[in-house]
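Scroll down for the structure; my scribbles are underneath it.
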Amino acid sequence: MASTLHHWRNGSTFEGSGGRFSDVTNPATGEVSAQLALASEADVEAVVAAARAAFPAWRDTSLARRTQILFAFRELLNARKEELAAIITSEHGKVLSDALGEVSRGQEVVEFACGMPHLVKGAFTENASTKVDVHSVRQPLGVVGIISPFNFPAMVPMWFFPIAIATGNTVVVKPSEKVPSAALWMAELWKEAGLPDGVFNVLNGDKVAVDGLLTHPDVASISFVGSTPIARYVYETGTSHGKRVQALGGAKNHMLVLPDADLDLAADQAVNAGYGSAGERCMAISAVLAVGPIADELVGKIKERTVGLRTGDGRRGCDMGPLVTAVARDRVTGYVDAGEQAGATLVVDGRSVQPDSDGDGFYVGPTLFDHVTTDMSIYTDEIFGPVLSVVRVDSYAEGVKLINDNPYGNGTAIFTNDGGAARQFQNEVQVGMIGINVPVPVPMAYYSFGGWKNSLFGDSHAHGIEGVHFFTRGKVITSRWLDPSHGGLNLGFPQND
């Protein structure tokens, strides 16, 4: 009998009163592994109330103590990261090595947040005016909401909550209902690390939970990662209710390959970036722009590498795992059908893959299209699956124009040995994160993650110094301590003398 997963409030499991449940499935086998309790409006209120009650004491906890707890969390996570990776694989389907990589990238943000005492230092000006001093501080917002997607159950929440907690906020995480266990596991780890009850909470649910956080008057900010239509909805709804919002949306990431590039390197990286995590990454490469005469050779090299990939259960040492749900699988195969019908050349067909797996998992093998044109749905839409499209362009300028004309602007890459071309590309391409001979240019934690155009709603990117500023508000204090001998009246306007 499948277990039941609930919420996490005030340092312990909270069953709530929702009375609604959804299935949590192992995508490698198709088996239901758990029932997930979905929050009611009353559950939203109860969890937010716990975070609100915990805020005053956590806000006033010293930076030294907060940092000690962050270091303890880091050490516990390092010791038990394989356990978390196994949980991710069991609910998302990505292979274990990829899940471990996800945990490691999230851990980088924890380590960045361990330096918070330096990051929130204010400034001080002595004697700005006669015997008047001015200084600045940054203070936490209060209760912050994090709405995370299914594709990175650990890393994406970790883009936000280490910084939010380190700066003195209390947190409510709403994980994807497809992959809830990672957030609950991390909640227990925070408790073990010594985090006070109520500082980190988990609210499971669907649209009721999302809308509850977006409209609750005690939630000061929302951090979201997901599709562009939902990101726009989150941004518009959250801001209309007076909240600070960072909403990261979808992508259609291009990889421009110039004729002078190392084609073996380009082919390796196109396969890695196109099919890793079954393409369920907002930073996946989905369109390879082959410039000039190299297309035939490049497509041949990509095909050679693609047909050798092993698809199956992520716990069996395969190269690529399943899609997260049957709906996701059917959506991807529908795009493959559409690409074939539109006239693209289907070089590798993943619809008939024979996975190394037991049961009825949600598999689509690596799929490669050539001769893709910009009016085809496999080019225009974010497929979020292991489908790589090669678009042939005549020049560097044509390739850059395609990238800049795209409504998304999350990530892009150029492969070339020409430093001048690379420098020109990074200057003129209208995308937030750029790789030069690097296909998935996800920044280190001390930089900030985020795209341009329809890939981001709001002014703030994730983690890095932008993340610190997002989770804090600036305050400037002007002070004057008068000498004991002061006296007299002066009704004139103060002068800066």
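Remarks
- Charge sum, other residues only, whose C-beta stays under 14 Å from I477's C-beta, Lys/Arg counted +1 and Asp/Glu -1: +2
- Semi-axes of the equivalent ellipsoid for segment 328-382, Cα gyration tensor, largest first, Å: 23, 12, 7
- Whole-Å semi-axes of the ellipsoid equivalent to segment 364-417 (Cα gyration tensor, √5λ, descending): 19, 13, 12
- Against the rule of thumb 2.2 N^0.38 Å, how large the Cα Rg of segment 1-157 comes out: 1.37
- Translational diffusion of segment 202-266, µm² s⁻¹ [Kirkwood Rh, Cα pairs; Stokes-Einstein; 25 °C; 0.890 mPa s]: 175
- Centre separation in Å (Cα based) which lies between segment 143-177 and segment 1-72: 11
- Principal axis dimensions, segment 163-239 - Cα atoms, whole angstrom, descending: 37, 27, 19
- Quotient of Cα Rg and 2.2 N^0.38 Å for segment 59-114, N being how many residues it contains: 1.32
- Computed over the alpha carbons of segment 1-51, Rg followed by Dmax gives 12.6, 39 Å.
- Global form of segment 228-320, assessed from the alpha-carbon gyration tensor, a/c cut-off 1.5: oblate
- Cα-based Rg of segment 378-497 normalised by 2.2 N^0.38 Å, two decimals: 1.84
- The Cα atoms of segment 260-383 give a gyration tensor whose axes a ≥ b ≥ c have a/c of 1.5 or more with a/b no greater than b/c, which makes the shape oblate.
- In order along segment 131-141, the phi-based Karplus estimate (6.51 cos²θ - 1.76 cosθ + 1.60, θ = phi - 60°) of 3J(HN,Hα) comes to 6, 10, 10, 10, 9, 10, 9, 10, 10, x, 7 Hz; Gly and Pro are listed as x.
- The antiparallel fraction among DSSP beta bridges confined to the chain stands at about 40%.
- Dipole magnitude of segment 211-314 about its Cα centre (Cβ charges: Lys, Arg +1; Asp, Glu -1), debye to nearest 20: 340
- The radius of gyration of the Cα set in segment 234-286, together with its Dmax, comes out at 17.1, 52 angstrom.
- Förster-model FRET efficiency, 22 Å R0, D358 and V32, C-beta, rounded to 0.05: 0.90
- Counting only Cα atoms, segment 321-418 measures 48, 27, 25 Å along its principal axes, largest extent leading.
- Computed on the Cα atoms alone, the convex hull of segment 116-218 gives a volume of 129 cubic angstrom per residue.
- Each Lys and Arg Cβ is given +1 and each Asp and Glu Cβ -1; about its Cα centre, the chain then shows a dipole of about 1480 debye.
- Sulfur and carbon atoms: percent of accessible area, the chain [1.4 Å]: 51
- Estimated from the Cβ-Cβ distance and a Förster radius of 45 angstrom, the FRET efficiency linking D262 and E188 is about 0.45.
- Across the chain, the volume of the C-alpha convex hull divided among the residues equals 172 Å³ per residue.
- In the chain, taking the dipole from charged Cβ atoms about the Cα centre, the farthest positive-side position among V234, V347, P259 is held by V234.
- Check: segment 377-447 dipole with +1 on Lys, Arg Cβ and -1 on Asp, Glu Cβ, in debye: 160
- Violating pairs (Cα-Cα greater than 32 angstrom) within the set K301/K401; K178/K301; K191/K252; K178/K401: K178/K301; K191/K252; K178/K401
- Within segment 368-497, percent of DSSP bridges classed antiparallel, to nearest 5: 35
- Mean Kyte hydropathy of 0.0 or more with a Cα span along the axis of at least 15 Å, helices from DSSP in the chain: 41-59, 96-113, 155-166, 181-193, 263-275
The values are calculated or read from the model by the stated rules, or taken from the named source; none is laboratory data. Bear in mind the structure is a predicted one, so any value in this text is a computation, not a measurement. With ideal geometry, Cβ positions are generated from the backbone for all residues, glycine too; neighbour counts draw on all protein chains shown. Calculation scope for accessible area: heavy atoms of the full protein, side chains included, ligands and nucleic acids excluded. Shrake-Rupley method; radii C 1.70, N 1.55, O 1.52, S 1.80 Å.
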